[in-house]
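Here's the structure we're looking at; comments come further down.
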Amino acid sequence: MTRQNTARVPRKPKHWQSRAALRTIMPGADTRCTHCGERLKFAAKQRHKRQVICNVYRRGVWLSMQHYHEACYVAAGQPYGEPDSSHVNGLQVGQLSSQS
Ligand SMILES: [Zn+2]
C-alpha cells in the first residue's frame, strides 16, 4: 500500500496576479500617477522619491502597468496589495543628489 505523503507542498498552478512593487523614481521618467494624475518626476528635493509600480493582471493576462506616488498608493487603499519593497533597497537615493 502506498502511503500518502503530506509533507510535500501541493503544486500551485502558476497564477499571475496583480502585484505592486516599490521603486525609486528614476531621473527622466515621465509617467503619471494613477491616483492624483500628477507626474512621477524625479526631483532630488521633492518628497516623492519613490513610486509604486503595479502590474495589473486579469485572469492571468497582463492588462496594464500603473504608477503611483508612494503616498498616493497608500491613500488609494493599496489596491494591489502591499508593495514589494525588496528592490528599492539597493538604490541609494541620497547618492543621486546634485553636486552644487
Ligand atoms: Zn500621486
- Query: What are the ³J(HN,Hα) values, in whole Hz, obtained from phi via the Karplus relation 6.51 cos²θ - 1.76 cosθ + 1.60 with θ = phi - 60°, for each residue of region 72-79 in sequence order, with x given for Gly and Pro?
  - Reply: 5, 5, 5, 5, 7, x, 6, x
- Note on the structure: At q = 0.14, 0.22, 0.25, 0.26 Å⁻¹, the log10 of I(q)/I(0) for region 21-87 from a Debye sum over equal Cα scatterers comes to -0.39, -0.91, -1.13, -1.20
- Note on the structure: Placing each pseudo-label 7 Å from Cα in the direction of the beta carbon, A29 and S86 end up separated by a distance in nanometres of 2.0
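Quick note: the coordinates plus some simple rules give every number you see, no bench work behind them. Just so we're clear, the structure is a prediction, and the values are computed from it rather than from any experiment. So basically every Cβ, Gly included, is an ideal-geometry build from the backbone, and we count neighbours across all protein chains shown.
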